[in-house]
Amino acid sequence: VNVIIIGPAGSGKSTLTQAFSRWLKKDGMHVCCVNLDPGAECLPHASCFDIRGIVRVDKIMAKEGLGPNGALMRAAELVEARLEEVVEAMDRACEGSEYRIIDTPGQMEVFLYRDLGPRLVSSLDGRVVAVSLIDPGLIRRRSDLVALRLTALMVELRLGVAVVEAMSKSDSFGSDYLERLEKDLAGSFRDEGLSGELAQRLEAALSPVRRRRRIIPVSATEGAGMDELYKAIGESACACGDQT
Ligand SMILES: Nc1nc2c(ncn2[C@@H]2O[C@H](COP(=O)(O)OP(=O)(O)O)[C@@H](O)[C@H]2O)c(=O)[nH]1
Ligand SMILES: [Mg+2]
């Protein structure tokens, strides 16, 4: 199984990659972590394959005199141009592993909205499930949750893979937090003005998705929710019917 971790910058992708791989390895599973973030400064996980061996944002900044954003875009371009080679090297590095966890660039638009994500996904061997991470720190009002959940749909649309939704940093909120949020969503958004109105309409349109896909709370720092995450990934991988 290939598990692609996607989410906004700072949502906890790299930390989760490390925690989840450690949890899987505890049961003797052969796990391979892949770093696809050319801009990562230091990583919490030891990766079998690291894109920084091919392209590094800091080197591009120094060599081409670009700022961090420009250099990241340039890095994505370079990776896209050498994608075949990247996938081959990644496959070699991960040979024999049952589970491959792929950590994506800090800025998710680099992976999601450019060619990189869709092209990479279509070159992966075996089943692919994406974990769309929601950062609880970005939720100030109910319409924020609706907006953040659209990311999972965008992942489905752009990558065409099964998606599991998880909320990171569950150690920072109470155990009934998600339940309360979901209940809240059923109420009126009128107090949130124009964006509330739109959020309410989106929420109504999306409620079938919401019902089939529960948000899984996970804490990478405390190792909580890993079993549920594993189960949800397994179920999604089977549900998409690909038996390779
Ligand atoms: N409290 C808490 N903080 C976390 C957790 N996971 C990540 N963080 C913090 O969130 C920040 C961003 O994490 P990182 O994994 O680098 O995010 P990324 O940009 O999505 O890869 C770091 O300061 C982490 O220490 C968690 O489970 N609990
Ligand atoms: Mg990261």
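Every number in this text was worked out from the coordinates using simple rules, so none of it is lab data. If you're wondering where the values come from, they're calculated on a predicted model, not measured in any experiment. Methodologically, a virtual Cβ is constructed for each residue, glycine included, from the backbone with ideal geometry; neighbour enumeration extends over all protein chains shown.
Estimated from the Cβ-Cβ distance and a Förster radius of 30 angstrom, the FRET efficiency linking E64 and D144 is about 0.25.
Mean silhouette area of the chain, derived from the convex hull of its C-alpha atoms and averaged over all directions, reads 13.6 nm². Partner aspartates and glutamates whose Cα lies under 13 Å from the Cα of K169, excluding those fewer than 8 positions away in the same chain, are identified as D135, E222. The residues V129, V155, when put in order of fewest to most other Cβ atoms within 10 Å, stand as V129, V155. Once you put a point 7 Å from the Cα of E228 and another 7 Å from the Cα of Y113, both along the Cβ direction, what distance in nm separates them? The answer from the label model is 3.1 nm.
Model label points for S195 and E88, set 7 angstrom from Cα along the Cα-to-Cβ axis, are 4.7 nm apart. Over the Cα atoms of the stretch 32-167, the radius of gyration divided by the Kirkwood radius equals 0.97; this is the Rg/Rh ratio.
How large is log10 I(q)/I(0) at q = 0.15 Å⁻¹ when the Debye formula is applied to the Cα atoms of the stretch 131-182, each weighted equally and without solvent? For the stretch 131-182 at q = 0.15 Å⁻¹, log10 I(q)/I(0) is -0.42. Projecting the Cα atoms of V86, G67, S97 onto the dipole axis of the stretch 65-107, where Lys and Arg carry +1 and Asp and Glu carry -1 at the beta carbon, places G67 farthest toward the positive end.
How long are the three semi-axes of the equivalent ellipsoid of the stretch 194-244, in whole Å, if each is the root of 5 times an eigenvalue of the C-alpha gyration tensor, listed from largest down?
28, 19, 7
What the Cα convex hull of the stretch 1-98 gives, in volume per residue, is 98 Å³. Computed packing ranks the peptides 53-62, 173-182, 143-152 as 143-152, 53-62, 173-182, most packed first, by mean other Cβ atoms within 10 Å. Net charge dipole, the stretch 148-229: roughly 380 debye, given to the nearest 20, about the Cα centre with Cβ charges of +1 for Lys and Arg and -1 for Asp and Glu. Of all beta bridges that DSSP places with both ends in the chain, some 5 percent have antiparallel geometry.
Our note on the geometry: Cα centres of the stretch 12-73 and the stretch 143-167, 22 Å apart.
Annotation: amide H-H contacts under 5 Å for V164 (H modelled 1.01 Å from N, sequence separation of 5 or more, or interchain): A130, V131, S132.
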